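Have a look at the structure below before the remarks.
Readers should treat all values here as calculations from the given coordinates under stated rules, not as data from a laboratory. None of the values given here were measured: they were computed from a predicted structure. Neighbour counts run over all protein chains shown; Cβ positions are idealised from the backbone, glycine included.
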Amino acid sequence: MLVVTAGVAERHRAARDLGFFLSVWPSATGGGDPLPGGVLEFPPAEAGAWRGARHREQAAEHALCCHRLLRGDAVLIVTTPSGLSAPLLTPAEFRARASRLVVGESVARDDLLALLDRAGYERVETVLEVGQWSLRGGIVDIFSPAREAPVRAEFFGDEVESLRLFDPTTQRSVETMAELDVVPLLAKDAETSTVTAYLPATTLVVLEDPGLLEAPPDDAPAATPLHALLAAYQRLEMPLVQRRGAGPARFDMGTRSVGGVRGQFKALAEEIRDWRREGFAVRLVVDDERQADRVRQMLSEHELEPWPEATLWTEEGLGVLVGECDTGFQLPALGLVLLSEHEIFGAQRRRLRRPLFQRGAAITTFTDLQPNDLVVHEDHGIGRYHGLRTLHTDGRNADFLLIEYADGGRLYLPVERLDLISKYMGAPEGAARLDRLGGGTWQRVKESVRAALREMAEELLRLYAARSVTERPAFPGDTPWQGEFEAAFRFEETPDQMRAIEEVKTDMSGSRPMDRLVAGDVGYGKTEVALRAAFKTVADGRQAAVLVPTTVLAQQHFNTFSERFGPFPARVELLSRFRSPREQKAVVEGLARGTVDVVVGTHRLLSKDVVFKNLGLLVVDEEHRFGVGHKERIKRLRTSVDVLTLTATPIPRTLYMSMSGVRDLSVIETPPLDRLPVETVVTGWSRGVIKEAIERELG
């Protein structure tokens with residue numbers, strides 16, 4: 001089957017929905033997979049001006065689809081009009097360039113290497129991505145699109161002694177296998193065709209929008225219209241609105257849309273009871289088991305118990321299923337009502353498309369020393385490392401590190417004393433000055449640092465002595481609303497993120513005010529930790545303040561907090577120069593009266609006229625970007641309220657306090673699922689490139 005959608009976002013949605021419904025489809029044999037080949041997306045050709053580090057993945061997805069089709073697998077392919085015109089090897093050329101490695105069989109290694117080159121693979125030192133290969137003695141690593149991970153082929157002479165899947169990041173073997181299909185990628189010197197050349201004559205083409213038949217792709221206006229490309233295949237059209245007049249035979253499924261409840265589980269419970277009274281089976285579909293457990297718990301709190309063994313097609317009245325479904329519906333002919341997360345929570349999780357192929361990362365460490373790196377010697381200060389030198393001393397050869405200092409000074413440091421130096425991690429190299437061997441500059445720097453440390457220690461002793469004797473009422477456990485609030489999170493929590501959330505909740509459940517630093521890269525989920533802490537604060541009748549360094553960031557946080565707190569009876573306000581003096585005055589008065597529950601603001605929050613009726617939590621985002629005066633005000637607040645500091649780049653003093661145990665520390669170092677690095681491309685003006693970049697972000 002071939003499904004054609006209008007764009008990239010629609011392609012992802014259709015593939016997810018089809019994958020979900022096929023996974024729960026009751027097969028004729030009672031439990032088998034109705035589509036062993038699975039659902040595959042067929043992307044358009046990569047724009048030539050947009051080719052980044054990951055461009056081979058699209059060629060690999062093309063090759064996988066061709067491989068499955070030529071093998072005769074029952075497969076469902078989802079594509080777009082531009083995907084139908086993507087250039088591919090002809091089926092005959094594809095077969096000619098493909099090969100298979102089988103354990104115990106012989107193949108001349110030189111012939112294999114030539115075949116890999118002819119199949120369009122890239123030779124590299126270490127295989128990290130699909131479409132690459134490497135050679136080390138009698139071992140050939142190959143990442144074929146036929147597998148989700150690379151394969152290590154070990155030869156004994158010309159015989160294939162073993163084949164093992166391995167992790168592209170750790171390079172460790174994970175599974176043995178008997179054979180490997182080496183699938184060719186698109187080669188520049190080959191004759192090309194399109195995916196229609198691979199489709200069997202019995203293929204059913206499904207069109208979401210029949211209007212696509214006449215309109216050529218936006219990025220290829222001269223391309224052949226779809227009605228000509230697909231004329232030889234039977235078609236199923238699924239228009240949103242039926243066209244009048246003569247045309248293909250029509251079938252009305254009678255499907256109806258269902259309204260959403262935006263996280264209001266009391267209203268959802270009433271809707272479910274109404275549907276059950278009308279004889280409908282109700283299924284709630286959520287993304288993962290953690291979310292399913294939350295939904296079951298919230299249903300139970302409203303005296304609704306879902307059937308634990310319910311499937312989409314069984315007759316039990318209420319069930320919670322795990323899967324990716326874009327939109328709910330009501331199907332009276334089957335007596336079924338299905339609700340997705342969009343209808344349940346009013347906002348859908350942003351589903352990142354899981355890549356078909358594993359991606360590796362070169363393993364490096366920032367402490368590795370390279371020639372010309374700056375280093376710091378404990379006694380002599382900043383110097384420049386110039387590599388290892390072997391010198392003959394005391395009747396033997398020994399290795400020394402050569403370190404250059406100012407005025408031509410040189411220090412040969414025995415490798416046994418490597419503990420005396422560390423890599424310089426301060427200002428940029430151009431701003432750093434080399435110290436002079438035997439000079440007094442470095443000693444004066446060390447003395448000033450010692451004095452600053454003593455002053456900081458005294459200050460910390462005073463501050464945390466006051467905190468140690470300060471008590472405040474402990475926050476109670478999670479309420480049902482807390483569960484509903486957390487269930488509305490649109491992403492899947494990472495393990496580090498969940499650990500940080502639990503640590504914050506543990507701090508808040510104690511009697512001593514919290515002072516926790518949450519460190520993590522941009523986009524790793526620190527804001528969600530703050531959101532859940534703020535909701536817990538407001539649920540207990542206290543106020544929460546979010547302090548940020550810039551008005552733009554304040555507006556972004558205000559939008560996020562307003563959206564998440566929207567379904568609940570809580571008032572969120574913004575205090576920054578984006579608001580008029582009258583609006584600022586109203587917010588300040590609301591904080592004093594206690595009618596404002598959450599306020600997001602810049603340093604304006606630290607003004608003397610801002611007084612809280614019952615401040616329970618202060619969230620500080622990027623503390624290092626505030627001035628000394630602002631930090632003094634924050635410091636005074638710390639003794640009486642819970643403080644949660646978020647940062648991607650903690651200042652040394654804050655990090656030291658956390659690492660030494662003075663302040664509690666949570667580190668979020670696990671990136672979100674399949675977070676990709678930023679790719680910067682400089683290219684000429686092209687509507688096609690801009691369109692594709694936007695579609696990638698939306699999809």
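Here the spin labels are modelled as points 7 Å beyond Cα on the Cα-Cβ line, and at GLU589 and GLU471 they lie 3.9 nm apart.
With 31 Å as the limit, the listed pairs LYS526/LYS613; LYS423/LYS505; LYS266/LYS691; LYS536/LYS608; LYS446/LYS526; LYS536/LYS585 have LYS423/LYS505; LYS266/LYS691; LYS446/LYS526 beyond it between alpha carbons.
Dipole check for segment 100-182: with +1 at the C-beta of Lys and Arg, -1 at the C-beta of Asp and Glu, and the Cα centre as origin, the magnitude is about 140 Debye. Compared with the direct C-alpha span, the chain from ASP209 to ASP181 gains 6.4 nm at full extension, assuming 0.36 nm per residue. Close amide H pairs (under 5 Å, H built 1.01 Å from N) link LEU517 with THR645, ASP664, LEU665, SER666, residues at least 5 positions away or on another chain.
Work out the charge dipole of segment 465-609 with +1 on the Cβ of Lys and Arg and -1 on the Cβ of Asp and Glu about the Cα centre, then indicate which of VAL598, GLY510, GLY477 is farthest towards its positive end. Comparing the listed Cα positions along the dipole, VAL598 ranks first.
Between ASP399 and VAL103, the FRET efficiency from the beta-carbon distance, with R0 = 51 Å, is close to 0.70. Length available on full extension from VAL552 to ARG462: 0.36 nm per residue minus the Cα-Cα distance, which gives 28.9 nm.
Taking the Cα centre of segment 374-437 as origin, sum charge times position over the Cβ atoms of Lys and Arg (+1) and Asp and Glu (-1), and report the length of that vector in debye to the nearest 20.
Magnitude of the dipole: close to 160 debye.
Toward the positive end of the charge dipole of segment 414-561, with +1 on the Cβ of Lys and Arg and -1 on the Cβ of Asp and Glu, the farthest Cα among ALA539, PHE489, VAL522 is that of VAL522.
The ASP373 and TYR233 beta-carbon pair, evaluated with R₀ = 51 Å, returns a calculated FRET efficiency of approximately 0.25. A P(r) calculated from all alpha carbon pairs of segment 100-182, with 5 Å bins opening at zero, reads 3, 17, 30, 29, 17, 3 percent.
Full extension of the chain between LEU70 and ARG499 yields a length gain of 149.7 nm, computed as 0.36 nm times the residue separation minus the alpha carbon distance. Shape class for segment 474-578, computed from the alpha carbon gyration tensor (a ≥ b ≥ c): rounded, with a/c under 1.5.
Each Lys or Arg adds one and each Asp or Glu subtracts one; over the other residues with Cβ under 13 Å from the Cβ of LEU401, this totals 0. For the pair ARG250 and ASP111, what calculated FRET efficiency results from E = 1/(1 + (r/R0)^6), where r is the Cβ-Cβ distance and R0 = 56 Å, to the nearest 0.05? Plugging the Cβ-Cβ distance into 1/(1 + (r/R0)^6) gives 0.45.
Of GLU492, GLU129, how do they rank once you tally other Cβ atoms within 10 Å and put the fewest first? Before the final figure, lay out the partial values.
Details: GLU492 17, GLU129 20.
Taking fewest neighbouring Cβ atoms as first place, the list is GLU492, GLU129.
Let me check against my output: what whole-number percent is the relative contact order of segment 265-345, with C-alpha pairs under 8 Å and at least 6 apart? Walk me through the numbers before you get to the answer.
Working: 128 pairs, mean separation 29.7, N = 81.
The value is 37 percent.
Binning every alpha carbon pair distance of segment 245-327 at 5 Å from zero, what are the percents per bin? Values per bin, smallest distances first: 3, 12, 21, 25, 18, 7, 4, 4, 3, 2, 0.
Taking Cα centre as origin and charging only the Cβ of basic (Lys, Arg, +1) and acidic (Asp, Glu, -1) residues, the dipole magnitude of segment 271-346 rounds to 180 debye. Placing pseudo-labels 7 Å out from each Cα toward the beta carbon at GLU447 and GLU416 gives an inter-label distance of 3.3 nm.
Spacing of the modelled spin labels on GLU148 and TRP307, each 7 Å from Cα toward Cβ, amounts to 3.1 nm.
Give a quick list of trypsin sites (Lys or Arg not before Pro) in segment 247-347 that DSSP marks as loop, anything other than H, G, I, E or B, with at most 16 other Cβ atoms within 10 Å. The qualifying sites are ARG250, ARG262.
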